[in-house]
Amino acid sequence: MSQSNSQSNDEHPELAEAADQSVDRSATTAASATTAASTGSSRCGYVAIFGRPNVGKSTLLNRLLGQKLAITSHKPQTTRHTILGVSTLDAGQILYVDTPGLHQRGGNALNRYLNRAARSILTDVDLVLFVIEALQFGDEDALALAEIAKAGTPAIVAVNKTDRIADKARLLPFLQSLSERHAFVSMVPVSATKGDQIKRLEAEVLAALPEGEHLFPDDQLTDRSERFLAAELLREQLMQRYGQELPYRTTVEIESFTLETPSRKRQAEGPRARIHALIWVERESQKAIIIGRRGEALKAAASQARLEMQKLFGRPVHLEVWVKVKDSWSSDEAALASLGYGEY
Ligand SMILES: Nc1nc2c(ncn2[C@@H]2O[C@H](COP(=O)(O)OP(=O)(O)OP(=O)(O)O)[C@@H](O)[C@H]2O)c(=O)[nH]1
């Protein structure tokens, strides 16, 4: 899988100004990134993208990579697995780890797993990219920040969704109060959907990483297999298309993933991926909803997932999807383990 780094619309002078006025250290760190680039020394390190559910962590990761890797939806807790995104730049390599949003209510086995997964990453990385929403800092953000402080890992805060703020001057007192909560390395207001200030954030992140050689080949985008990504892209469709609760009661398993040698006529397209996927639900009634009248709902979800897979893998995909009932998988630790949610 190859990667193209393209970011757009990075010009937003008011945001840059807001960040400049509130954080002195950012100027120093950005300057040292430039120095690293000009002296030819390379930086490399792991960065955990961390925060409460739904702040835009996965959207920000995709924007930083210049390519869609992590799945997103407007529903909280879309991300269930940590995923590594490799960004190779002239001045170094940034290894982003997208984490599940830290959830306030421990709740069932899946929630407990997600919280453990998110927390355990914090001590293993060189830097935390703490994501919050502009002008909002609630109990769940405070909980996430407390975890960062406990881990003692340096943190940059990305103040996301600034496109929603008409009067950017309102960001200044917000950034001021943030700086009083924690000694962040720097604070950068961004819009992950619009791409505002992404280059600046990237420079800050790179500057905060240790010097070191690239750990991954320059054209590698992730450490996850196409098989894993296929399951995620199908799950994204479930998150985006079905009612509030249903997607949380489902999981996706890839039963088989094979590469077929193309016929002579289709040789130019390269090998085709033949994927057989199972959607696990907890009840017959949920199965009926997922499938929809005359199978139309499932057909629409599967064909969109197939298109997304073709785009990410850069090869033709044949996808077959089946829905099966498995009793209460989300509250049973053993069932979770059998579906690939490992222990943390
Ligand atoms: N307006 C606006 N919306 C955004 C921005 N970034 C993300 N969003 C939206 O916020 C919602 C959540 O985005 P995700 O990237 O899935 O959030 P997440 O933090 O990864 O969520 P979890 O998986 O719950 O941890 C989606 O509907 C995004 O389109 C932004 O910069 N501006």
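The values are calculated or read from the model by the stated rules, or taken from the named source; none is laboratory data. These figures come from a predicted structure and were not determined experimentally. Here Cβ is always computed from backbone atoms with ideal geometry, including for glycine, and neighbour counts include all displayed protein chains. Calculation scope for accessible area: heavy atoms of the full protein, side chains included, ligands and nucleic acids excluded. Shrake-Rupley method; radii C 1.70, N 1.55, O 1.52, S 1.80 Å.
Structure data summary
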quantity	calculated
Residue within the stretch 179-189 that is aliphatic (A, V, I, L, M), in a strand (DSSP E or B) and under 21 Å from LEU145 (Cβ atoms) present	yes
Selection status of PRO210, over 18 Å from the mean Cα position of the chain (by Cα), at pLDDT 95 or above and of a type outside the set (A, V, I, L, M)	yes
Listing of helices (runs of 4 or more DSSP H) fully contained in the stretch 1-90 that carry 2 or more residues being among the charged types (D, E, K, R) and modelled with pLDDT of 70 or more	57-65
Given (1) within 27 Å of GLN244 (Cα to Cα); (2) at pLDDT below 95, index of the condition GLN136 fails	(2)
Qualifying residue in the stretch 61-73 (condition: within 12 Å of the ligand (Cβ to nearest atom), open to solvent by less than 10 Å² (accessible area, probe 1.4 Å), polar (S, T, N, Q) and not assigned by TED's automatic domain parsing to the domain that holds GLN237)	no
Selection status of ALA146, at pLDDT 85 or above and either surrounded by fewer than 22 Cβ atoms within 10 Å (Cβ to Cβ) or within 14 Å of the ligand (Cβ to nearest atom) (or both)	yes
Pairs, first part of a loop (DSSP other than H, G, I, E, B) in the stretch 222-233, second open to solvent by 60 Å² or more (accessible area, probe 1.4 Å), C-beta under 9 Å, six or more apart	THR222/MET1
Single match in LEU238, LEU278 (criterion: open to solvent by less than 60 Å² (accessible area, probe 1.4 Å) and assigned to a helix (DSSP H, G or I))	LEU238
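Residue-wise test of (1) assigned by TED's automatic domain parsing to the domain that holds ASP90; (2) of a type outside the set (Lys, Arg); (3) modelled with pLDDT of 90 or more.
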residue: GLU202; (1), (2), (3): yes, yes, yes
residue: HIS214; (1), (2), (3): no, yes, yes
residue: ASP219; (1), (2), (3): no, yes, no
residue: THR251; (1), (2), (3): no, yes, no
residue: ILE254; (1), (2), (3): no, yes, yes
residue: SER263; (1), (2), (3): no, yes, no
residue: ALA273; (1), (2), (3): no, yes, yes
residue: ALA277; (1), (2), (3): no, yes, yes
residue: ALA288; (1), (2), (3): no, yes, yes
